[in-house]
Amino acid sequence: MLDEASAAHSAPADPDPARAVLREVFGYDDFRGGQATAVDALVSGRDAVVLLPTGAGKSLCYQVPAIVAARRGDGTTIVVSPLIALMNDQVGALVGRGVAAAALHSHQDELEQRAVIGAFVRGELALLYVSPERATLDSFKRLLARVRVAMIAIDEAHCVSQWGHDFRPEYLRLHELRELPQVARVPLAALTATATPRVMKELIASLALRAPAMVRGDFRRPNLSFAVRHLRGDAARIEAVIAACDEAGLRARTGTGRAIVYCATRKKAEAVADALKSAGFPAGYYHAGRTALARERAQGAFALGRTRVLVATNAFGMGIDYPDVRVIIHAQAPGSLEAYYQEAGRAGRDGLPARCLLLYGPGDLMTQRRLAQSGSTSVAAQQRADDALVAIERYASATRCRQAILCAHFTGPDDDLFTGAIACGRCDACTGAIVDAPGEREAPVAALGDDARRLILDAIAQLRRPVGKALLAKALRGSRAKPVLTLALDHHPHHGALAEADEDAIVATIDALIRERRVERRGKKYPTVWLAGRPLAREASHEGAPRTARPARGRASDLARALEAFRRKKARELDWKSYMVFQRRTIVAIDRSRPRSRDELARIPGLGPSKIDRFGDDILALVRRHQPAVQE
């Protein structure tokens, strides 16, 4: 039987079993801010929502109650976690402390899975980690009927919300666990480091939590200094990255401290890493396009100090905990403030001073918008991405305390955004060290009135082809800039009709029309606007405008049919819509390019790292099976 449970019979009951576990298992004398409230709620059988910043000890909030429950003989705690690497890290740390914990995931062979299931059924585990996909399988639900469940803990719970920065459809089914008779009455913990008040409200409803204890930690990180530099061009950014790493003393191959440089794209990560190595820094790079072995080696070299600077996309980070990261540099802006603060929060975990530098340029928003659109084409997803980018732009342009802005984003209403009540005294705004800033706009630009809105709609209706919203705004103000003349917008009937309006106000009005679905975006690399519901090909075919190509009609290839059948099958198994597996345009791209490896698969639009991990081997097998015969 379980060692933790046996211990309960050989020693008198502790009046405070949670703090006994904290001391005996984890070696801490007392809980940190927020942890005690969450632990006491869960130990007493109450649901809890835990919002603690990165590095504040969220895991202890459910691990301590899980061990208490195991010692009482209440059963096993099920932990739902989104990443296999994160599960393995957590399980390894717990086992190292003498706690009976295990994970059940697809990277294990059949023998390993049977051993874990056997230990689970025999009641030998205090904690079992599973993915959200496995947690909602009928087979796993049947397995739960055979064991005693003490608690459910859902890590990275912001993934439940469509307004979270990492929404995952499979999280929407986790409420089904609460419908199982053997789980209905056990406490449920939802934990995250990146949830706005809106996301918190949605995850409580989605997970069907019952009057949960609300734990919201202090998001201030007094040892971190935040700064933003506005730079254009790759050369200026690379120079700034090199200067920041030099300032942190990271050029030498040995020494204390390390840095993480985040980039938005794989190509940029490789370019920055090459530049750092050329400048003499021991640097490596990490992104989802590399093989599993290459990623493992890059992370291992960084963990062991063989490389002191790691350049990475957001594929690197969840669950990463290095105490001595002295500088976090974002060479490009991320897609949201939630993502930014989560990644920046990996600096200074040892409590010593550390620096968080964001290198920002207007092109970053276009890059992030393109990345968001490649993952989803839904209106809700586009609106979520747009709102997140507005917050990033506002942060980057601010002249008030940066840490105050970040904290208020998670814990306070917008009215408190710039109160200065929690001014850090360390950021570039507090110290008067802002450079290259274009100046903060205190409030969002107001959209124009009804007359201007009608005029803008009519102007879009009379376009011969989609154009960028900023270019349209210039034309409506009467600009004769070269791009306006190139597209003949100076001959548009409404050229100069809004000459008295502010250009930003015109753009804000177009954005409002997009949110109202009266105007829609076209294109991904260079987004343009077009009247919602208006066919592009027919309208753009006259007066010399280029005709939009139509997909050729014909018999689908054997591979395309096989991929479509695979998509329907997986959708049924996962209880998803077919497009959630991958879209038809992805099938077309696979059929056209016939990828032969995961690296080639990573270049297919619509297949992100998680989908390649889940479906990649099956897709490659289908491609191999349907390769056209070679003529001798």
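Could you tell me whether Glu124 is among the acidic types (Asp, Glu) and at pLDDT 90 or above?
Answer is yes for this residue.
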Requested in this report: Can you run down the residue pairs with Cβ atoms below 9 Å, 6 or more apart or on separate chains, where the first is in the range 559-587 and free of Cβ contacts under 8 Å to residues at least 12 places away in the same chain and farther than 14 Å from Ala621 by Cβ and the partner is of a type in the set (Val, Ile, Thr) and not in a helix (DSSP H, G or I)?
Outcome: Tyr579/Thr377
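Residues are listed down the side, and each one gets a yes or a no for (1) on the phi > 0 side of the Ramachandran plot; (2) of a type outside the set (Lys, Arg):
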{"site": "Gly233", "(1), (2)": "yes, yes"}
{"site": "Ile238", "(1), (2)": "no, yes"}
{"site": "Lys267", "(1), (2)": "no, no"}
{"site": "Glu270", "(1), (2)": "no, yes"}
Report task. Would you confirm whether any residue within the range 168-186 is at pLDDT below 85, closer than 15 Å to Lys58 by Cβ and under 18 Å from the mean Cα position of the chain (by Cα)? Result -> no
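For Asp321, state whether it is of a type in the set (D, E, K, R) and in contact (Cβ under 8 Å) with a residue 24 or more places away in the chain. Walk me through it before giving the result.
Working: of a type in the set (D, E, K, R): yes; in contact (Cβ under 8 Å) with a residue 24 or more places away in the chain: yes.
Against the criterion (of a type in the set (D, E, K, R) and in contact (Cβ under 8 Å) with a residue 24 or more places away in the chain), Asp321 qualifies.
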**Report entry** The listed residue being buried (at least 17 other Cβ atoms within 10 Å of the Cβ) and assigned by TED's automatic domain parsing to the domain that holds Val39, out of Ile204, Ile242
**Finding:** Ile204
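Take the residues of the range 24-73 that are among the aromatic types (Phe, Trp, Tyr) and outside any helix (DSSP H, G or I): which is nearest to Ala213 (Cα to Cα)? Break it down stepwise before answering.
From the range 24-73, those among the aromatic types (Phe, Trp, Tyr) are 26, 28, 31, 62; that's our starting set.
If we keep only those that are outside any helix (DSSP H, G or I) too, we end up with 28, 31.
Values: Tyr28: 23, Phe31: 17 Å.
Among residues in the range 24-73 that are among the aromatic types (Phe, Trp, Tyr) and outside any helix (DSSP H, G or I), the one nearest to Ala213 (Cα to Cα) is Phe31.
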Report task. Within the range 308-362, track down each residue that is farther than 16 Å from Tyr285 by Cα and among the small types (Gly, Ala, Ser). Result -> Gly319, Ala333, Gly335, Ser336, Ala339, Ala344, Gly345, Ala347, Gly348, Gly351, Ala354, Gly361
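The values are calculated or read from the model by the stated rules, or taken from the named source; none is laboratory data. From a predicted model like this one, the values you see are computed outputs, not experimental measurements. Glycine gets a Cβ as well: all are built from the backbone with ideal geometry, and neighbour counts include every protein chain shown.
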